[in-house]
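Chemist: One structure, as structure tokens, below. Some questions next.
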Amino acid sequence: MDESQEEFAIRVRDLVVGFGRQTVLDHLSLDVRRGEILGLVGASGGGKSVLMRTIIGLIPRQGGSIDVMGQPIGGRKEGAAMTWGILFQQGALFSSLTVRQNVQFPLRENLVLSQELMDEIAIAKLEMVGLRAQDADKYPSELSGGMTKRVALARALALDPPILFLDEPTSGLDPIAAGDFDALIGTLQKTLGLTVFMVTHDLASLTTVCDRVAALADGKIVAIGPMRELLQSEHPWVRAYFHGKRSQMLQHEMR
Ligand SMILES: Nc1ncnc2c1ncn2[C@@H]1O[C@H](COP(=O)(O)OP(=O)(O)OP(=O)(O)O)[C@@H](O)[C@H]1O
Ligand SMILES: [Mg+2]
């Protein structure tokens, strides 16, 4: 492996993605460093979820290249589940499966393990995300919003992937639950050495848990760096996002 492959978990170059006559991503380039938590902000409908889904191969691209852990992505499905875990924006659990069965789902799909071992893994993963063994036999309808996110996270991490994709993981949670979830992501990133790619609108998440923040506008990454650098950005959309009336009000209240 050369140096660049070791440094970057994800490298996106000149990515073009569209639907019909609509171009969503327009020659977008982005590097995600190994071991970092990268936050992604952008207008609603701007293409954040499309970018994530294209990186993991769910949406075809019209142009450009994507490397993940030094390997080009191109219709190659084998090993994908071993490389990344995903918390989708509409990250539903399977409602007819228990918490335990949800967490075991990727294990069943990808490995041949004894029931005993799968049970051990499920409990260990649930404890890792701050849930208790007693929660394992609950059904998704019996969980709170915060617990649901944690189960989805345990499922995403079931196969110990080095990369974690999160699409608005704290939306819909109250500020305390959201803060707890951010802290959990920070802890997991440190203890497991995860690379985390997180789409979020949550200013608190961007400020407290992200190493760097990337801004998506007009189909491109228009600014990327630590939050304090983004706050200095001259790009009109980035300025409007962080210094517009609404975020000013929030930042004022945060002081
Ligand atoms: N499968 C699809 N087929 C057609 N158009 C799509 C598809 N997926 C996304 N789009 C379009 O791509 C654009 C970007 O959508 P995307 O979901 O990436 O936005 P987003 O930045 O994640 O927004 P939000 O912050 O609201 O989640 C939208 O115009 C959307 O309608
Ligand atoms: Mg989205």
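Read the figures in this text as sums done on the coordinates, not as results from a lab. All values derive from a computational prediction rather than experimental measurement. Every residue, glycine as well, gets a Cβ built from its backbone with ideal geometry; the counts of neighbours run over all protein chains shown.
Chemist: At most 13 other Cβ atoms within 10 Å and a DSSP loop assignment: could you name the chymotrypsin sites (Phe, Trp or Tyr not before Pro) in the stretch 47-125 that fit?
Modeler: F94
Chemist: At what distance in nm do the modelled label points of F105 and D137 sit from each other, each positioned 7 Å from its Cα along Cα→Cβ?
Modeler: 2.2
Chemist: In Å and whole numbers, how far do the C-alpha atoms of the stretch 158-250 stretch along each principal axis, longest first?
Modeler: Its Cα atoms span 41, 28, 21 Å along the three principal axes.
Chemist: Could you give the longest part of the chain that holds none of the GluC sites (Glu not before Pro) found in DSSP loops with at most 12 neighbouring Cβ atoms within 10 Å?
Modeler: In short, 79-233.
Chemist: Let me ask you something else. Counting DSSP beta bridges with both partners in the chain, what percentage is antiparallel, nearest 5?
Modeler: Details: 21 of 39 bridges.
So the antiparallel bridges amount to about 55 percent of the total.
Chemist: Between S65 and S171, what is the label-to-label distance in nm when each label sits 7 Å out along the Cα-to-Cβ direction?
Modeler: With each label point 7 Å from Cα toward Cβ, the separation is 3.3 nm.
Chemist: What's the lysine pair count for the chain at a Cα cut-off below 22 Å, pairs eight or more apart or interchain?
Modeler: Working: K48/K77; K48/K149; K48/K220; K125/K138; K125/K149; K125/K190; K138/K149; K149/K190.
Summing the qualifying lysine pairs gives 8.
Chemist: Only Cα pairs under 8 Å and at least 6 apart count here; give the relative contact order of the chain as a rounded whole percent.
Modeler: The value is 24 percent.
Chemist: Any chance you could check the Cα centroid distance between the stretch 37-68 and the stretch 140-197 for me, in angstrom?
Modeler: Between the Cα centres of the stretch 37-68 and the stretch 140-197 lies a distance of 20 Å.
Chemist: Starting from the Cα-Cα distance between D211 and V112, subtract it from 0.36 nm times their residue separation and give me the gain in nm to one decimal.
Modeler: Full extension from D211 to V112 adds 32.0 nm.
Chemist: Could you work out the helix-only [θ] at 222 nm for the chain, with each DSSP H run of four or more residues adding -39,500 (n - 2.57) and the total divided by the number of residues, to the nearest 500 deg cm²/dmol?
Modeler: Numbers: 11 runs with 101 residues, N = 255.
Per the formula, -11500 deg cm²/dmol.
Chemist: Now, a different point. Sorting L28, L40 on the 10 Å Cβ count, fewest up front, what's the list? Could you put the intermediate results ahead of the total?
Modeler: Values: L28 24, L40 27.
Ascending number of Cβ neighbours within 10 Å: L28, L40.
Chemist: Using a simple spin-label model with points 7 Å from Cα along the Cα→Cβ vector, what separation in nm is obtained for H201 and T23?
Modeler: Calculated label separation equals 2.7 nm.
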